[in-house]
Structure formats: C-alpha cells, structure tokens
1. Kindly state which helices (runs of 4 or more DSSP H) lie completely within segment 59-167 and contain at least 2 residues that are out of contact with any Lys or Arg (no Cβ under 8 Å at 6 or more places or on another chain) and free of Cβ contacts under 8 Å to residues at least 24 places away in the same chain.
2. Residues in segment 168-179: is at least one touching a Leu at 6+ places or on another chain (Cβ under 9 Å) and surrounded by fewer than 14 Cβ atoms within 10 Å (Cβ to Cβ)?
3. Return the total of residues in segment 183-197 being open to solvent by less than 80 Å² (accessible area, probe 1.4 Å), outside any helix (DSSP H, G or I) and either among the hydrophobic types (A, V, I, L, M, F, W, C) or within 15 Å of Val5 (Cα to Cα) (or both).
4. Got a number for residues in segment 103-139 being charged (D, E, K, R), under 18 Å from Gly187 (Cα atoms) and touching a strand residue (DSSP E or B) at 6+ places or on another chain (Cβ under 7 Å)?
5. Mind checking which residues of segment 145-161 are surrounded by 14 or more Cβ atoms within 10 Å (Cβ to Cβ), within 21 Å of Trp221 (Cα to Cα) and either under 20 Å from the mean Cα position of the chain (by Cα) or among the basic types (Lys, Arg) (or both)?
6. Can you name every residue in segment 126-149 that is of a type in the set (Asp, Glu) and over 26 Å from Phe69 (Cβ atoms)?
7. Just to verify a result, which residue in segment 208-241, among those that are open to solvent by 70 Å² or more (accessible area, probe 1.4 Å) and at pLDDT below 95, is nearest to Ala66 (Cα to Cα)?
8. Determine whether Val100 is in contact with a strand residue (DSSP E or B) (Cβ under 6 Å, 6 or more places away or on another chain), at pLDDT 95 or above and surrounded by 20 or more Cβ atoms within 10 Å (Cβ to Cβ).
Amino acid sequence: MHFMVIRRADAASESADFPAAPLAANLAGAVPGARWLHPGGEAARLHRRAGAWTIEHGPFPAGELAAGFAIIDVPSKEAAIAWALQWPTADAEGGAVLEVRETGCSGGCAGIDTQSPPQLTPYAVLLRSSPGLEADDMPPPEVIARMNARNAHDAEAGVLLAGDGLKPTAKGARVKFKGGRPTVVDGPFTEIKELIAGFWLIQAASRAEAIAWVESYPFPWPEVSLELRAVAAPPPGPAAH
C-alpha cells in the first residue's frame with residue numbers, strides 16, 4: 001500500500017528562507033525522497049468555474065498549506081502511522097503536524113511514478129478537496145479514461161513525473177507533535193479548505209508553462225480548485241519506504 005505523508009505548513013516552514021532554512025536542511029537527510037515545497041507566498045491557486053479559469057496568488061494562511069510530502073510503501077495504515085511517529089526529532093519538538101493519507105482514487109485512475117529526476121523546475125499541482133471528493137464521488141468511466149490517457153502521454157513526454165489521488169480523510173489520520181510527544185487522531189477531517197485530494201508532480205520551463213498545463217488538463221469536475229507550488233530540489237537518496 002502507498003501512503004502520502006504530508007507535513008503541514010507552519011511559521012517555520014513558511015519562513016522566507018525556506019527551503020534553505022536549518023529545518024529543511026535537517027529534514028532533507030532524515031526523510032529520503034521527500035519533496036519540499038517553496039513557501040505559500042510563491043504559490044498560486046487556480047479555480048475553474050463555469051468553464052473559466054481564475055488565478056489567486058499567495059500568500060495563503062499557513063494552516064491551509066502543505067510544507068512537503070513523502071510517498072511511502074508500507075503494508076497498512078498502522079505501518080504508515082508508525083513511520084510518521086519516527087519523524088525527525090528537531091521538527092517533532094517544534095510541533096510538526098503530519099497527515100497520513102492512503103493514495104488511490106475511485107474509478108480506476110492509474111497512479112504515475114516515473115522515478116525520473118526533473119530536468120526543469122518541478123512543480124506540485126495539489127488538488128484541493130471538496131465535499132464531493134471527500135464523499136469519494138466517482139467520475140464516469142469515459143472521464144477517467146481521458147485522465148489516464150493524458151497522464152500516460154505526459155509521463156511518456158517527460159512532463160509528468162508522478163501523480164495519484166488520495167483516499168478520503170475517513171481512511172486517514174494525523175500525527176500531531178507537542179513538545180516532541182505525538183498524538184494520533186483518526187479521520188475524517190472537516191476542514192475541507194485545508195485538505196488535499198490528489199496531486200501531480202510535473203516539470204516545466206516556467207511558472208507560466210506550469211499554469212498552462214493545469215488549464216489544459218481534462219479534470220473530471222465542472223468546478224475544481226488546485227494549488228501550484230514550486231518544489232525544492234529533491235534531496236539525494238532512495239524513495240521513502
């Protein structure tokens with residue numbers, strides 16, 4: 001089973017010098033394969049309503065953001081939580097909050113992980129959740145087929161590096177540290193605007209090119225909100241497992 005462990009953003013991760021801050025430097029070696037995101041002040045949110053796109057520029061409240069994430073391969077949700085409980089001490093003592101989410105989406109959309117290092121600037125495209133996505137509403141098969149075809153095409157072209165959906169938070173958990181001591185809270189979670197329902201990791205020559213990719217993608221919902229975040233250069237080392 002694959003899980004996405006999301007490190008929620010806070011004042012430390014949103015500092016102006018992230019990802020060069022000591023926090024990120026410590027985490028880079030301690031969480032192999034993680035992707036760290038530049039602060040929300042550099043983020044953009046893209047909303048499609050009635051067939052038209054609008055762009056909202058950051059900064060955004062830290063509580064609505066992710067600071068980074070790792071995809072791990074473990075046998076169960078309990079094993080994923082156990083992995084999160086071993087979070088680096090320096091960050092845990094600072095009060096890190098981690099969200100543990102099983103990957104995958106309804107209807108048969110296929111996850112992508114090319115394991116290819118980016119040659120251009122990598123961007124995370126984070127699908128913001130909605131009541132329908134939290135209810136695990138299933139798009140029609142022909143819509144899923146269009147998504148799968150686009151994903152496969154862009155992976156072959158080297159544009160799409162990774163991507164997958166996330167199961168509703170009813171199947172997830174949060175690990176909250178206070179003074180280095182963890183508390184585990186099982187989902188579901190009700191703060192819809194803070195939740196992520198899926199992700200794509202793309203590479204592009206510019207932010208404008210990344211935005212164009214988002215606007216051309218065959219999303220299966222008439223209304224959709226996504227967050228575009230530049231990814232820091234991934235640290236060396238194998239993917240987390």
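1. On the way: elements: 77-85, 89-93, 131-134, 141-156.
Output list reads 77-85, 141-156.
2. no
3. 7
4. Selection size over segment 103-139: 1.
5. Of everything in segment 145-161, those that are surrounded by 14 or more Cβ atoms within 10 Å (Cβ to Cβ), within 21 Å of Trp221 (Cα to Cα) and either under 20 Å from the mean Cα position of the chain (by Cα) or among the basic types (Lys, Arg) (or both) turn out to be Arg146, Met147, Asn148, Arg150, Asn151, Asp154, Leu160.
6. Step one: of segment 126-149, the residues of a type in the set (Asp, Glu) are 134, 136-137, 142.
The answer is Glu142, and nothing else.
7. Ala233
8. Yes; evaluated as a whole, the condition is true for this residue.
The values are calculated or read from the model by the stated rules, or taken from the named source; none is laboratory data. As the structure is a computational prediction, the values presented were derived from the model and not from experiment. All Cβ positions, glycine included, derive from the backbone under ideal geometry; neighbour counts span all protein chains shown. Note: accessible area is taken over every heavy atom of the protein model, side chains too, but ligands, DNA and RNA are not part of it. Shrake-Rupley method; radii C 1.70, N 1.55, O 1.52, S 1.80 Å.
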